Amino acid sequence: MPEPVERRPLRIMETPRPVPAAGELLIRVNACGVCRTDLHVVEGELPQRLMPIIPGHQIVGVIEAAGAEAAGFPARQRVGVAWLHSTCGNCRFCLSGRENLCETAEFTGWTHNGGFAEYVTAPADFIYPIPDGFDDIQAAPLLCAGIIGYRALRLTDLNAWKGARLGIYGFGAAGHVSIQIARARGADVYVATRDRQKHQALAEELGAVWVGDTFAEPPVKLDAAIIFAPAGEIVPAALKALDKGGKLVLGGIHMSPIPEFAYDLVYGERVIRSVANNTREDGREFLAEAAAIPIKTSVRTFPLEAANDALIALKNDAIKGAGVLKIS
Ligand SMILES: [Zn+2]
Ligand SMILES: [Zn+2]
């Protein structure tokens, strides 16, 4: 049953090693990132899909075995598994390049057991080779925080990045990766977030031109903004900071209700849109760009046995950058 993480709902258990089905790979997990979506799964903000569930969808490991029809992957190859576990390939979304919106998609760590474990299975078509420049721990947060951040940047529809003014609201795992991409592309980044010691300090270290509290107004109008914090009350504040024609992208899978606001805030052809999941193309393009920059993730590691503590720390905004479970 979903429960608040303070009650430590995750338990260490011995379970049979999963067997890869046709088209799947068995992966030995080395590291798994901790994401706010794991918190939503464990605490029940997302509907229950599989119980008991092993959460975790930012998995870095090595291929241990292959099921039928998945041969051809070198054993021991280092790979990543992300949130999008599989898609149908046949629905109107899959057939129009929008597999992130697939009607019957499966999700790692929600509808299929994830990476807070020693072993996981995943379809061979949905894994990502990990670029050599990243070690396992560094790479883990790239697989959701990074990919979703990348898609959020894409959905801002900014074309001329040089000198563009981008706002980031909430500065955890996704924010700290996104700012590095945006800055490498030449944007000026304005970060509004709570926590002077951790999140605001990290934003400054990573080159934000302005850092303020969540509801502080940036000194210039923004061309686009992304909200990574799951708090709907930020939406009107971010709209207020947005220039005419600007896009406001909501990066979370869950957000508290958005309060009513005056039409003025969205008038001027401002656009609000959400990000839902990612396509495999997002993942591949992001990992290539992340390796070229190269992105440096700031991580705090926890042993697998401390998965509850990692989720509690995430819930309390106590992690600077991203939390990662070190598994082997
Ligand atoms: Zn589909
Ligand atoms: Zn995630």
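The values are calculated or read from the model by the stated rules, or taken from the named source; none is laboratory data. Note that the structure is predicted; figures quoted are calculated from it, not measured. Every residue, glycine as well, gets a Cβ built from its backbone with ideal geometry; the counts of neighbours run over all protein chains shown.
Assorted remarks:
- Condition check for ILE234: modelled with pLDDT of 95 or more, buried (at least 21 other Cβ atoms within 10 Å of the Cβ) and β-branched (Val, Ile, Thr): yes
- Taking first residues from the stretch 93-120 that are closer than 26 Å to ALA31 by Cα and part of a helix (DSSP H, G or I) and partners that are modelled with pLDDT of 95 or more and near ligand 1 (Cβ under 9 Å from one of its atoms), the Cβ contacts under 9 Å between residues at least 6 apart in sequence or on separate chains come to ASN100/THR87; ASN100/PHE93.
- With respect to the stated conditions, ILE319 is of a type in the set (A, V, I, L, M) and crowded, with 21+ Cβ neighbours inside 10 Å.
- Residue that is farthest from PRO20 (Cα to Cα) [pool: residues in the stretch 76-101 that are within 10 Å of ligand 1 (Cβ to nearest atom) and among the charged types (D, E, K, R)]: ARG92
- Of all residues in the stretch 25-82, none satisfies the criterion of being among the aromatic types (Phe, Trp, Tyr) and crowded, with 24+ Cβ neighbours inside 10 Å.
- Close contacts from the stretch 42-67, counting a first residue that is aliphatic (A, V, I, L, M) and a second that is within 16 Å of ligand 1 (Cβ to nearest atom) and assigned to a loop (DSSP other than H, G, I, E, B), with Cβ to Cβ under 8 Å and a gap of 6+ residues or different chains, come to LEU50/THR111.
- Filter pass, PRO131 being modelled with pLDDT of 95 or more, within 14 Å of ligand 2 (Cβ to nearest atom) and either touching a strand residue (DSSP E or B) at 6+ places or on another chain (Cβ under 7 Å) or not in a helix (DSSP H, G or I) (or both): no
- Residues in the stretch 97-116 include at least one that is closer than 27 Å to LEU239 by Cα, surrounded by 19 or more Cβ atoms within 10 Å (Cβ to Cβ) and within 15 Å of ligand 2 (Cβ to nearest atom).
- Among the candidates ASN90, ASN30, the residue that is in contact with a strand residue (DSSP E or B) (Cβ under 9 Å, 6 or more places away or on another chain) and either part of a loop (DSSP other than H, G, I, E, B) or farther than 18 Å from ARG11 by Cα (or both) is uniquely ASN30.
- Criterion (within 16 Å of ligand 2 (Cβ to nearest atom), of a type in the set (Val, Ile, Thr) and either in a loop (DSSP other than H, G, I, E, B) or more than 30 Å from GLY172 (Cβ to Cβ) (or both)) met by exactly one of ILE12, ILE54: ILE54
- Residue within the stretch 127-148 that is surrounded by fewer than 24 Cβ atoms within 10 Å (Cβ to Cβ) and touching a Phe, Trp or Tyr at 6+ places or on another chain (Cβ under 6 Å) present: no
- For GLU260: the one exception among (1) over 20 Å from TYR190 (Cα atoms); (2) acidic (Asp, Glu); (3) not in a loop (DSSP other than H, G, I, E, B): (3)
- Qualifying residues in the stretch 289-301 (those that are in a helix (DSSP H, G or I) and touching a helix residue (DSSP H, G or I) at 6+ places or on another chain (Cβ under 8 Å)) - the one surrounded by the most Cβ atoms within 10 Å (Cβ to Cβ): ALA290
- Exclusive hit being among the hydrophobic types (A, V, I, L, M, F, W, C) and in a loop (DSSP other than H, G, I, E, B), set LEU153, LEU142, LEU166, LEU158: LEU158
A quick yes/no check of all residues on (1) modelled with pLDDT of 95 or more; (2) aromatic (Phe, Trp, Tyr); (3) crowded, with 17+ Cβ neighbours inside 10 Å:
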position	(1), (2), (3)
ILE253	no, no, yes
GLY268	yes, no, no
ALA276	yes, no, no
LEU287	yes, no, yes
PRO303	yes, no, no
ALA307	yes, no, yes
